[in-house]
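Shown next, in structure tokens, is the structure this report addresses.
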Amino acid sequence: LRWSIITLADHWLLLAMDPNLLFVAAGVHRMRKRNQDNDHAKLNSFLKQYSPDEARRRFEVVDNHLGNLREGEITKYLTVDEMDGDPKLQTRQIDALVDRANQNIERENNYVKMIGLFLFATVYCVMLVYQSNVTNNYELESSIHNTIVNQLSGGNGLLYGTALMTNPGTITAPSQFYSWLSTSILHRILTQPACGDGVCEPPVEYPGFGRFGCATDCGKYTKTTLLNINLQTFLQLSKSMEWGWDLANVTLSDDPGFTFNIYSDTVGDWIFAQDQRPTAKTVVEVPDGNLTLYLYQTNEMTAVVDFQQIYDQLGVLDNTLPARTVTTDFDYADAREFISSSAVVLDSLNTYCFVGTGDPDPKCYQYPPQEMMLRVLGAYGLSGGISMSDGGRGRTSLVQLDFCSAIPNRTAGLESEANKQFIVDSATACPSSRRSLPSGGYEHLVGVAARGR
């Protein structure tokens, strides 16, 4: 037996496990003496194509099989007495044992595949249910169902019955049914719903308002409110502000491009298809529910306004300017964009007042440069409000929006002691290279950068 184990070591037989396996080894060794080629073929078919670990596992299957045999069944395989018996019987028994092991291994692999398929199907079905919209699926199924019912209702049977049948409501040939199915059902279902065709087809079509839904086919959505939106820039609102100076005719050399839009949680979309420019009055119908106002600056001012222009208009030194921190051109009220936009407005006011032909606006001499600077520093972005009817002749304010301001009192200018103190506190030492004052003749270099709010 020891010699048998050594002889079979090249086939990774770790047989020091069970006496029955030793019997198998002895039988295989005897068979080698009679038919060496046939013996190699049998062993190679069971072991050589596998790695050592896989071969060890296969022999464990054989060992487990022998261990699970009921008492008396072991005699169906090799016993000590049968080692000297018929070689053909031994060969059949060895083949039967190997085949049984292969069957067990194949069954094990099939179970693994079946469990894997079951897990995949479970995960796939769960993902389908999780990602599907039950409400939309129901509305789609109801739309198809209602289409078929409407076609068959009214006691006329198939639609276009007069044209398709000898007697309306009676099918005389299969072609009539297929023609009706193709024309009245499939063509309608497989065609994108069109608003205005007289049929409401949810979920694509639903009761409408404004630019949403299809009021023609599905009726009007009644849970809505009319909003009045009044959002304007500093130049647009200047006439109605405290100083009463109409600057609507001032043209900005570079426009920050302030816009706004409203997002509705009810419809999950923007109320306006395009962001709106500031205007004196915009009336829009919105659905009831949560609404969010978004403000944007669509043009980057930092890229078109250099340090010298900021110094000339605001007296702010370049080494005190904050870095631009926003990631997109649509962010609103960035500190650096605030300063650059204010410089553009002041530069455009100077051009409006003192550059060109003809007599300047008398207001240009009424307000000193410092007053104009403070007014501009207190008026970045948009200001105004959003309101709705209170059910009578009055209105209820929903949103009141003020300009972004870098000064304590954005409406008082030099009349405010807090604003004057703000200028004093913002003073800094003048570099030797800039002993001359800016074009506005300011007494201090204003460090607005660190005080924007």
Residues in region 295-316 that are over 33 Å from the mean Cα position of the chain (by Cα) and of a type in the set (D, E, K, R) total 2
Say we look at region 178-218 and pick out the residues that are closer than 19 Å to VAL267 by Cα and aromatic (Phe, Trp, Tyr); which of these is most open to solvent (accessible area, probe 1.4 Å)? TYR206
Restricting region 317-331 to residues that are open to solvent by 30 Å² or more (accessible area, probe 1.4 Å) and touching a residue at least 60 places away in the same chain (Cβ under 8 Å), the residue that is farthest from the chain's Cα centre (by Cα): THR320
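For THR351, state whether it is within 31 Å of the chain's Cα centre (by Cα) and of a type in the set (Val, Ile, Thr).
It is false that THR351 is within 31 Å of the chain's Cα centre (by Cα) and of a type in the set (Val, Ile, Thr).
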When only residues in region 219-258 that are in contact with a Pro (Cβ under 7 Å, 6 or more places away or on another chain) and in contact (Cβ under 8 Å) with a residue 60 or more places away in the chain count, which is most open to solvent (accessible area, probe 1.4 Å)? LYS223
Unique match (being over 17 Å from PHE338 (Cα atoms), open to solvent by 10 Å² or more (accessible area, probe 1.4 Å) and modelled with pLDDT under 85) among ARG395, ARG434, ARG410: ARG434
Across region 322-361, the tally of residues that are over 20 Å from LEU377 (Cβ atoms) and part of a loop (DSSP other than H, G, I, E, B) stands at 11
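Take GLY268 and decide whether it is small (Gly, Ala, Ser), open to solvent by 20 Å² or more (accessible area, probe 1.4 Å) and modelled with pLDDT of 90 or more.
It is true that GLY268 is small (Gly, Ala, Ser), open to solvent by 20 Å² or more (accessible area, probe 1.4 Å) and modelled with pLDDT of 90 or more.
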How many residues does region 367-406 contain that are touching a residue at least 40 places away in the same chain (Cβ under 8 Å) and either in a loop (DSSP other than H, G, I, E, B) or in contact with a strand residue (DSSP E or B) (Cβ under 9 Å, 6 or more places away or on another chain) (or both)? 21
Among the residues of region 367-392, the number that are open to solvent by 40 Å² or more (accessible area, probe 1.4 Å) and over 42 Å from the mean Cα position of the chain (by Cα) is 4
Residue count for region 198-236, restricted to those that are in contact with a helix residue (DSSP H, G or I) (Cβ under 7 Å, 6 or more places away or on another chain) and assigned to a loop (DSSP other than H, G, I, E, B): 9
Kindly list the number of the only condition in (1) open to solvent by 20 Å² or more (accessible area, probe 1.4 Å); (2) modelled with pLDDT of 85 or more; (3) of a type in the set (A, V, I, L, M, F, W, C); (4) under 48 Å from the mean Cα position of the chain (by Cα) that fails for PHE338. (1)
Scan region 273-284 for residues that are exposed (fewer than 15 other Cβ atoms within 10 Å of the Cβ) and either aromatic (Phe, Trp, Tyr) or closer than 14 Å to THR224 by Cα (or both) and report the count. 1
Among the residues of region 323-360, write down those that are more than 19 Å from LEU252 (Cα to Cα) and touching a Gly at 6+ places or on another chain (Cβ under 8 Å). ALA335
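The values are calculated or read from the model by the stated rules, or taken from the named source; none is laboratory data. Here the structure is a predicted model, which means the values were calculated and not measured. So basically every Cβ, Gly included, is an ideal-geometry build from the backbone, and we count neighbours across all protein chains shown. The protein model used for the area step is the full one, side chains on, heavy atoms only, and it has no ligands, DNA or RNA in it. Shrake-Rupley method; radii C 1.70, N 1.55, O 1.52, S 1.80 Å.
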